[in-house]
1. For the chain, which whole-number percentage of the solvent-accessible area (1.4 Å probe, protein heavy atoms only) is attributable to carbon and sulfur atoms?
2. Magnitude of the Cβ-charge dipole of the chain, K/R +1 and D/E -1, about the Cα centre, nearest 20 debye?
3. Expressed in whole Å with the largest first, what are the equivalent ellipsoid semi-axes of segment 191-241 derived from the C-alpha gyration tensor as the square root of 5 times each eigenvalue?
4. Send over the semi-axes of segment 72-165's equivalent ellipsoid, whole angstrom and largest first, taken as the square roots of 5 times the C-alpha gyration tensor eigenvalues.
5. Could you report segment 190-288's accessible area per residue, 1.4 Å probe, as an integer in Å²?
6. With charges only on Cβ, +1 for K and R and -1 for D and E, what is the dipole size of segment 139-222 about its Cα centre, in debye, rounded to 20?
7. Determine the calculated [θ] at 222 nm for the chain from helices alone, applying -39500 (n - 2.57) to every DSSP H run no shorter than 4 residues and normalising by the residue count; nearest 500 deg cm²/dmol.
8. Take every DSSP beta bridge with both residues inside the chain and express the antiparallel ones as a percent of the total, to the nearest 5.
Amino acid sequence: MTNALATFSKEIDSSLVPALRNALVGRKLVHVTPEKGFGITSVDWGRITDVSDGYVSYGFRDGNEDKVEVYLTNSKVPVYWKDYTVDRRIYGSWLRSGVDVDRASAISAAYKAAKAENAAIIMGISNDGTNYDLKGLYQGAGNDYSVTKDFGTYGNATDALAGVYELMDDDGIPVDSLSFNWILATAQRRQLMASRSTNGIKEMPDILEMLNGGQIFGSSTLTAGTGLVCPTENFGEPYVDFYMTSDFRTEHGVDSKHPDTGDLNGRIYSAGILRIKQDVAICKTSSI
């Protein structure tokens, strides 16, 4: 029975997990580490502070030494999961003939688990709904462009992004050498898509050019009127990453009270934690 259940789980995973990866916005925003192992329950990591400017001279001299401060943090690795059931007759049919199984329950549960992971990466984890035990990209941003810019007016989005870059410039982030993603609340993304000048010129192409190869994403996790800008996956690893201990996978078991007739108990889960190493490379746009 144990081997059959494990094989059944792999059958579900073969179609479910790849589809989930494509749907996960959060994982498209940051570098994701290879799986480290589900048994890892905590991780030590360092947040790096900046140093002073370098010197120019015709020879070396004392006085240019800075100690690079690395603040070590130990964080528990959260698990994102959802339970469901599989009809016993569907499982029995798969055992007998190997026919394709109905994945409806697993798919529904999977998207709930994926939504939890997305929210943790983008916003953070708040057990009381107010205070964040672990900060996501928005809550952990080291910069905040808080100038009111209604995206319903042409040019405001361009001004806001320029303002974001100015804040990062001031903190020594090499903005012009990086590419960025801009994650917007869904209402603001739609406004930007519709933004045109009186001459019919679209604003979106200018924004995409300013992102230097990055993309614009919409997220229902963000509150209307907000967004965040962060380096893309290819450039952002020194600043932020998602330390993944387990990719999404399923497991199935049976109730010992009804081992032959009871429905299967299913669970889909993943585990990982967002690590913000230099928060000034992330800027939230809190009044758009």
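1. 48
2. With only Lys, Arg, Asp and Glu charged at Cβ, the dipole is about 1220 debye.
3. Those come to 25, 16, 7 Å.
4. Taking √(5λ) for each Cα gyration eigenvalue gives 43, 20, 11 Å.
5. That works out to 44 Å² for each residue.
6. 560
7. It comes out at -9500 deg cm²/dmol, rounded to the nearest 500.
8. If I count the DSSP bridges inside the chain, around 80 percent turn out antiparallel.
The values are calculated or read from the model by the stated rules, or taken from the named source; none is laboratory data. For clarity, every value in this text was computed on a predicted model and none was experimentally measured. Positions of Cβ are backbone-derived with ideal geometry, glycine not excepted, and every protein chain shown enters the neighbour counts. Surface areas here come from the heavy atoms of the whole protein model, side chains and all, with no ligands, DNA or RNA. Shrake-Rupley method; radii C 1.70, N 1.55, O 1.52, S 1.80 Å.
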